[in-house]
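**Student:** Quick one: the structure is below, and I'll ask about it shortly.
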Amino acid sequence: MKKNYILYPVIAAFLATAAGCEKLSDFGDTNVNPGATNDPIIGALLTNVGAGLGGYASQTRGGLYAQYFSETQYTDVSLYALPQLAFAGEYTGILYDLQNIINTEQSNNMSAIAKILKQYIFWSVTDRWGDVPYSEALQGVTPKYDTQEEIYKGMIQALSEAVNEFDGSLITGDVINDGDIAGWKRFANSLRMMMALQLSKRYPNAGDYAASQFTAALNDPAGYISDNSQNIKIVYPGGNFRSNWWNLYNGRKDFAESKTLTDLMGSLGDGRQAAFGGASEVESDPNALETSNVGVPYGLARASAEAFTAANPTWARILRGDKREENGEVIILSAGQVALARAEAADYGWTSEDLTTVYRTGIELSFEQWGIAAPPASYFTQSGVNLTAAAGSGANLQKIATQRYIAHYPDGQQGWNIWRKTGYPALQPAPDATNASGEIVRRYVYATSEYSTNETGVKEAVERLQGGDSQDSRIWWDQ
């Protein structure tokens, strides 16, 4: 990795536009003389990060492992082909852009924003691979691989610090919160809560590290995301900057909403399915804005998958057509998702919040997020939704985790995280799986390039894995 840390930041600086961009449509419109300055234009770097951030909340691989999605043609990933992918590009790309913002020391506010976004990216990386470089990353050296416990505690600490680092300094290039400091503080506290909750298997009890950090973020005076108007999202202008969900079907139709999910939604009579699946990927089709409930069976070999889609031409595309327009949005974190995380924490006895109230609020906020009318009272009283155990018992986890899984759709990374941590919903492995174990993938394995560029670090990390560098080995919080 040592050699890789230099190249991308230089390219990014040359591609940057003038500072002060507040919309994605402004990015890339200005011709920049690469010889005019050697100093990073931090507003342009932040815009560049914002433009790419949607990719983290629209990862198809995680969505396939979580069975949000099915593959319709090339079915290797859903049959659990070896996920030997590299993370080096994320360090030399988006993470280095953020580190450059911090290194310039031009604006405390910009540095605080960059610090928050770095933790979001590191969160995604460590949850895919496990132990990765963190404390020594982005320093131009061959970094050690930190343990995932160290990474999580470092991320949570960094988010806690960032909330208190804002001042009156200038913010430019912010296409996420448009310079709203209160929004960034809410995002940091909400991320801190989500990360702490992810550690519930390691720190299950009230008063343990995870519960203490969750409660501290919940009670922070700066607040958390509690209303859909506060959702963290990337709104794309179209043209050169199109929504990731629009790009998914740009000349292709490789992915579908899975039958696993459509069956779950159908069993609950869940109205959000009206937005979750679309009947066509072609904008000019008469049924382009129609819903489809025809999920594609998960984990089929290519011939079987193609036979199904051929026999069912209105099979469910990921999202209804009007939810994946080129000038659409990608949700990073929403009020409904945060509220349901609060419900899980209340069920563990970590907080004194009213479990039934916050649980119902989370579901209602999720419906509202999708523009779906609030569910009727009967939705909450059905056996698959109604909470029957006492708060603090942890006995409501299956229903709460299932609602969290639904609320995070189509963010595959989060759906996969929820299933790995809780075991809910009870997913069945792909029937035509090709990996030796036949089990759902638990982690990405390290790329071969890591063994040649950072051999000491990666081998130390592999020694800490129970089962070695395997897609079946569980990362630290999953044990």
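**Student:** Counting only heavy atoms of protein chains, what accessible area per residue, in Å², does region 95-162 have with a probe of 1.4 Å?
**Tutor:** Value returned for region 95-162: 28 Å² of accessible area per residue.
**Student:** Sketch the reach of a paramagnetic label on Ala288 as a point 7 Å from Cα along Cα-to-Cβ, and name the residues of region 199-243 whose backbone nitrogen lies under 16 Å away.
**Tutor:** 238-239, 243
**Student:** Would you compute, from DSSP H runs of 4+ residues alone, the mean residue ellipticity of the chain at 222 nm, taking -39500 (n - 2.57) per run and dividing by the full residue count, rounded to the nearest 500?
**Tutor:** Per the formula, -12500 deg cm²/dmol.
**Student:** For region 414-462, which chymotrypsin sites (Phe, Trp or Tyr not before Pro) are in a loop by DSSP, counting at most 12 other Cβ atoms within 10 Å?
**Tutor:** Numbers: sites: Trp416, Trp419, Tyr444, Tyr446, Tyr451; in loops: Tyr444, Tyr446.
The qualifying sites: there are none.
**Student:** Here is a further query. Provide, as a two-decimal number, the C-alpha radius of gyration of region 67-141 over 2.2 N^0.38 Å, N being how many residues it has.
**Tutor:** Working: Rg = 16.2 Å, N = 75, 2.2 N^0.38 = 11.3 Å.
With N residues counted in region 67-141, Rg over 2.2 N^0.38 Å equals 1.42.
**Student:** If you don't mind, another one. Taking Cα extents along the principal axes in Å straight from the coordinates, which label in [x] 70, 61, 51; [y] 167, 73, 51; [z] 60, 52, 45 is the correct one?
**Tutor:** [z]
**Student:** Give the peptides 378-388, 345-355, 101-111, 188-198 in descending order of average Cβ contacts within 10 Å, highest first.
**Tutor:** Packing order, densest peptide first, comes out as 188-198, 345-355, 101-111, 378-388.
**Student:** Separate question: Could you check how much of the accessible area of the chain is carbon and sulfur, as a whole percent, using a 1.4 Å probe?
**Tutor:** The computed percentage sits at 48.
**Student:** Which value, in Å², gives the accessible area per residue of region 379-468 when a 1.4 Å probe is used on the protein heavy atoms? Please report the intermediate quantities before stating the final value.
**Tutor:** Details: 3550 Å² over 90 residues.
Averaged over the residues of region 379-468, the accessible area is 39 Å².
**Student:** Plugging the Kirkwood radius over Cα pairs into Stokes-Einstein for region 417-478, at a temperature of 10 °C and a viscosity of 1.306 mPa s, what D comes out in µm²/s?
**Tutor:** Answer, rounded: 121 µm²/s.
**Student:** Determine, from the Cβ-Cβ distance of Gln398 and Thr434 and an R0 of 45 Å, the FRET efficiency 1/(1 + (r/R0)^6), rounded to the nearest 0.05.
**Tutor:** Values: r = 30 Å, r/R0 = 0.66.
Taking R0 as 45 Å, the efficiency between Gln398 and Thr434 is 0.90.
**Student:** Continuing with this model, one more query. Size of the dipole of region 142-246 about the Cα centre, Lys and Arg at +1 and Asp and Glu at -1 on the beta carbon, nothing else charged, in debye to 20?
**Tutor:** It works out to roughly 400 debye.
**Student:** Also, I was wondering about something else. When only C-alpha pairs under 8 Å and at least 6 residues apart count, what is the relative contact order of the chain, in percent?
**Tutor:** That works out to 22 percent.
**Student:** Rounded to the nearest 10 Å², what accessible area does Val163 show when all protein chains are kept and the probe is 1.4 Å?
**Tutor:** Roughly 10 Å² of Val163 is accessible to a 1.4 Å probe.
**Student:** If you roll a 1.4 Å probe over the heavy atoms of the protein chains, what accessible area per residue do you get for region 166-208, in Å²? Write down the numbers at each step before the final one.
**Tutor:** On the way: 1420 Å² over 43 residues.
Dividing the accessible area of region 166-208 by its residue count gives 33 Å².
**Student:** Give the span of region 81-217's Cα atoms along each principal axis, as three whole-Å numbers ordered largest to smallest.
**Tutor:** Largest first, region 81-217 extends 41, 37, 27 Å along its Cα principal axes.
The values are calculated or read from the model by the stated rules, or taken from the named source; none is laboratory data. Since we're looking at a predicted model, the values are computed, not measured. No Cβ is skipped: glycine too gets one built from the backbone with ideal geometry, and neighbour counts run over all protein chains shown. SASA here: full protein model, heavy atoms, side chains in, ligands and nucleic acids out. Shrake-Rupley method; radii C 1.70, N 1.55, O 1.52, S 1.80 Å.
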